[in-house]
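The values are calculated or read from the model by the stated rules, or taken from the named source; none is laboratory data. What you are looking at is a predicted structure, and each value in this text was computed from that prediction instead of being measured. In this analysis, Cβ positions are derived from the backbone assuming ideal geometry, glycine residues included, and neighbour counts consider all displayed protein chains.
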Amino acid sequence: MSLKTLIVDDEALARSRLRTLLRDCTSPAAAVTAEASQGEEALAHLAAMDLDLVLLDVHMPGVDGIEVARALRSRPDAPAVVFVTAHASHAVTAFELEAVDYLTKPVRAERLQQALQKVERFLKERRAAQPTEATPESVLIQDRGRAERVPLSEVLYLKSEYKYLTVRTATRSHILDGSLNDFEERYPHRFLRVHRNALVARAAIRALERYDDGEDAEGWALRLDSVPEPVAVSRRQLAAVREMLKESR
């Protein structure tokens, strides 16, 4: 069966080249179901069609390819995404957005065929999964050229320090270039704001206790499972923390 494919690129010649290359691809084959020259048009096709694959350019006027890929993340039945771009600098972002592959222009036929094979494997694995089996939520950590996915279920707290976040698990502390606000907005069911510079995992909270940090003898802090250090609670967030603890009893 051919992969039902949407080509998204603001350059007509780039779309035409991909169409030509796809005609020669077999095992699996790909059938171009639709094309789009901009992100808004692509999102309209994606809402109206049942697709297997999106060949997605990154740089486009208006809604770009990154925004299109982000919009697809919340859809469990979303087509596989393969970025096709002249800019190799977006490879890490593609990884974060769980793209199946990342092709740089000019695209070679053999490299495109490899990407289609990856897409076929990805779709087969997803379809074979049980309906209740969800892909674990995770955060991508990069350290000295190495990328590692840390399951969010293992994150006990996140702290904002200078320009980075400390991501604490029971065994390690990781450094992440990110935003506390982003985590708070995306995972309100998982993390609770306890300080302007800290979120804690709701499931890890063991106790709320008095805490003297040397500056505020009337302060409060949370004790968490699996880590010895307390996490300070600001006076502004104290009521919310107490309310959450009351609800969880």
Is one or more of the residues making up the stretch 36-55 buried (at least 16 other Cβ atoms within 10 Å of the Cβ) and closer than 15 Å to residue 106 by Cβ?
yes
Assuming residue 106 fulfils every condition listed in (1) at pLDDT below 85; (2) surrounded by fewer than 13 Cβ atoms within 10 Å (Cβ to Cβ); (3) not hydroxyl-bearing (Ser, Thr, Tyr) apart from one, which condition is it?
(1)
The one condition in (1) in contact (Cβ under 8 Å) with a residue 40 or more places away in the chain; (2) closer than 29 Å to residue 148 by Cβ; (3) surrounded by 17 or more Cβ atoms within 10 Å (Cβ to Cβ) that residue 25 fails to fulfil
(2)
Which of (1) under 16 Å from the mean Cα position of the chain (by Cα); (2) assigned to a strand (DSSP E or B) is the odd one out, the single condition residue 31 does not satisfy?
(1)
Of the residues that make up the stretch 68-80, is at least one crowded, with 16+ Cβ neighbours inside 10 Å, within 21 Å of residue 98 (Cα to Cα), at pLDDT below 95 and β-branched (Val, Ile, Thr)?
yes
Exactly one of these conditions fails for residue 185: (1) modelled with pLDDT of 90 or more; (2) within 30 Å of residue 71 (Cα to Cα). Give me its number.
(1)
Quick one: count up the residues across the stretch 163-173 that are surrounded by fewer than 18 Cβ atoms within 10 Å (Cβ to Cβ) and in a strand (DSSP E or B).
3
Among 54, 68, 84, which is in contact (Cβ under 8 Å) with a residue 40 or more places away in the chain, farther than 23 Å from residue 127 by Cα and not in a loop (DSSP other than H, G, I, E, B)?
84
Scan of the stretch 140-158 for residues that are assigned to a strand (DSSP E or B) and closer than 16 Å to residue 226 by Cβ, ordered by number
150, 151, 157, 158
Considering only the stretch 174-233, give the strands (runs of 3 or more DSSP E) lying wholly within it that have at least 3 residues that are in contact with a Phe, Trp or Tyr (Cβ under 8 Å, 6 or more places away or on another chain).
198-201, 205-211, 219-224, 231-233
